[in-house]
Amino acid sequence: MSPAAPPVVPGLTVLYHPDVSRVGERVALTGLAAGRIERLARGEPDFSPPGRPGRTPLGDTYLSRRPILLTAGAGPGGVRIERADSRTAVEVNGVPLDGEREIALPELERGVVLLLAERIVLLLHPLDPLGEPGGLAGGELVGESAAMVRLRREIARAAALDVPVLLRGETGTGKELAARALHAAGPRAGRPFVAVNMAAVPAALAAAELFGAARGAYTGAERRRDGFFGLAHGGTLFLDEVAETPLEVQPLLLRALEQGEIQPVGGEEPRTVDVRLIAAADAPLEEAVAAGRFRAPLLHRLAGYEIRVPPLAARRDDFGRLLVHFLRQELAEMGSAGRLDAQSEARPWLPAALVARLALLRWPGNVRQLRNAARRIAVAGLYESQVPAAAVLESLALAAGPAAAAPGSVEAPVGPSPAAADIPRPAPLRRQAYRRPEEVGDEELLAALRENRWRLQPTAARLGISRTSLYDRIERSPNLRKAADLSREEIERSAAGCGGDLDAMVETLEVSKRGLQRRMKRLGIA
């Protein structure tokens, strides 16, 4: 009897939190399968880091204590999200949630991005509540998704076998990192690891580059060359894009694999080498065999043990971990290593809305493409109090055309990508063209503030003016009261009537949250 499949239930993973140490924490919503309501608010549920003790609610003071409700959906395996009487602003896959939203199973399986109060980003997705991190720890294999757990276990299993391994996966998934992890976890860990991209080796020199050459073997060979096999003797040789190996060199490569012998170019005697070979391909080698570009015996020898490296789309719950990891590395190189950990609580350096927007994309270039994006984010925000989201999106060529998931859609159409960066393009940011502040009348200003619950950034976007202009427009309006004008008695009366809920007080008093917080702090009101 085959073992039962592990239980999988809807779960939530933190893709972003102002306290970036919380990124990657998760919770399994086990109550949904039993027909119970799961609540999402400032104080519930408790999230925990994978494989480590400790359970803590989201705890962000900008989130309402009144919960968003999650229940079993109308269809099998689906989830219903209901805002109920929560005052937390919610976006589901980029669309504001006003009432409730049904998430069907196919959409849940792809992962649903939730933006809470423009502060926290969660991924709603299937989760194994019994899952534990996989065998290998540390290193550059970042992530605790089910796909990465399986990859680590495969690597740990193959590492001790000392046989050739073929790594398959899309471009940019991290096949060289997987190869290095294989080497580091095996008995050759202390010996050389030599990585070669076969696409970068000239066809005419491939044999000499791989197997070495005697002095005078060809024009320019003024001394003996060891070749990559010689350099990797006793250790591991990683051949990336192995499908690019010239056809005439492939039999020599097969001989090296089967007999441990190489024939240097121009040499009289073969050399014995002790090398473990790891090869990688992002194109189907079977198609290359059918087209006559790759020899079937070599494929069979390489594919004795295969490991598939998952694309980013199959590990979306790792998106936040990867982004933070890459940002830390980039910022450290720029001399600002602590920038993410020293974020302002009121206005984090990395905007949650930007993370949510990026998490919705398909990323055809996978982890490599995400790392390049992290570099652009770090550069754009290096000397700013907050990363300029619009400028980052524009620099990534994300501001036009269809995206990984058009707001509100279930399917994820692939749009055209610019040739320069191969970046997917989402729908344009929902805002009007910029206007002159004096064009905004008092009635329109008040209506926009109320519509956006006195949140200044979305109000500015709604009106088509900059946030700086919005500040100035509010200050100059004789019909709008400022937080600085509020008395202690009025604030305390509002707090009592709203049960201390700051979001409710903002809507009652009709002032910005930040202004109200500053006024309360000045008056010494807790």
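From Cα pairs below 8 angstrom and at least 6 apart in sequence, can you work out the relative contact order of the chain, rounded to a whole percent?
Details: 1007 pairs, mean separation 63.9, N = 526.
Computed value for the chain: 12 percent relative contact order.
Enter the angle in degrees (range 0 to 90, nearest 10) between the Cα long axis of helix 442-451 and the first principal axis of the Cα atoms of the chain, meaning the one along which they spread out most.
Between the helix axis and the principal axis of the chain, the angle is about 60 degrees.
If R0 is 45 Å, what FRET efficiency do you get for Ala214 and Ala291 from their C-beta distance, rounded to 0.05? Don't jump to the answer; show the numbers that get you there.
Values: r = 34 Å, r/R0 = 0.76.
Once the sixth-power term is evaluated, E becomes 0.85.
Give me Glu384, Glu261 sorted ascending by neighbouring Cβ count inside 10 Å, so fewest comes first. Walk me through the numbers before you get to the answer.
Details: Glu384 10, Glu261 16.
Ordered from fewest to most neighbouring Cβ atoms within 10 Å, Glu384, Glu261 come out as Glu384, Glu261.
Go through 18-26, 40-48 and give me the packing order, highest mean Cβ count within 10 Å leading. Walk me through the numbers on the way to the answer.
Values: 18-26: 19.6, 40-48: 17.4.
Listed from highest to lowest mean packing, they are 18-26, 40-48.
Kindly identify the chain as rounded, prolate or oblate by the Cα gyration tensor criterion: order the square roots of the eigenvalues as a ≥ b ≥ c, call it rounded if a/c is under 1.5, otherwise compare a/b with b/c, prolate if a/b is larger, else oblate. Display every interim value, and only then the final one.
Numbers: a/c = 2.68, a/b = 2.10, b/c = 1.28.
In terms of gyration-tensor shape, prolate.
Please report the spacing between the Cα centers of region 8-45 and region 467-490 in Å, no decimals.
37 Å
Using the alpha-carbon atoms, what tilt in degrees (0 to 90, nearest 10) does helix 366-381 show relative to the longest principal axis of the chain?
50 degrees
Helix-only mean residue ellipticity at 222 nm, the chain, DSSP H runs n ≥ 4 weighted -39,500 (n - 2.57), per residue, nearest 500. What is it? Please list the in-between numbers first.
On the way: 18 runs with 168 residues, N = 526.
-9000 deg cm²/dmol, from helical runs alone.
What's the exposure ranking of Tyr471, Tyr62, going from fewest to most Cβ atoms within 10 Å? Working shown, then result.
Numbers: Tyr471 15, Tyr62 19.
By the 10 Å Cβ count, ascending: Tyr471, Tyr62.
How much net charge surrounds Leu456 when only other residues with a Cβ under 10 Å from its Cβ are counted (Lys, Arg +1; Asp, Glu -1)?
Values: positive: Arg455, Arg467, Lys513, Arg514; negative: none.
Here the count lands on +4.
Which length gain, in nm to one decimal place, applies between Arg481 and Val95 when the Cα-Cα distance is subtracted from 0.36 nm times their residue separation?
Numbers: separation 386, 0.36 × 386 = 138.96 nm, distance 3.06 nm.
Gain in length upon complete extension: 135.9 nm.
Name the lysines eligible as straight-distance cross-link partners of Lys521: C-alpha to C-alpha under 17 Å, and not fewer than 8 places from it in the same chain.
Straight-distance partners of Lys521: Lys482, Lys513.
Going by average Cβ neighbours within 10 Å, how do the peptides 239-248, 286-295, 317-326 rank, with the highest at the top?
Working: 239-248: 19.3, 286-295: 14.0, 317-326: 24.0.
Listed from highest to lowest mean packing, they are 317-326, 239-248, 286-295.
So in the chain, what percent of DSSP beta bridges are antiparallel if you round to the nearest 5? Mind showing how you got there, number by number?
On the way: 36 of 53 bridges.
If we restrict to bridges inside the chain, about 70 percent are antiparallel.
Quick note: the coordinates plus some simple rules give every number you see, no bench work behind them. For clarity, every value in this text was computed on a predicted model and none was experimentally measured. Glycine also receives a Cβ, built like all others from the backbone with ideal geometry; neighbour counts cover every protein chain displayed.
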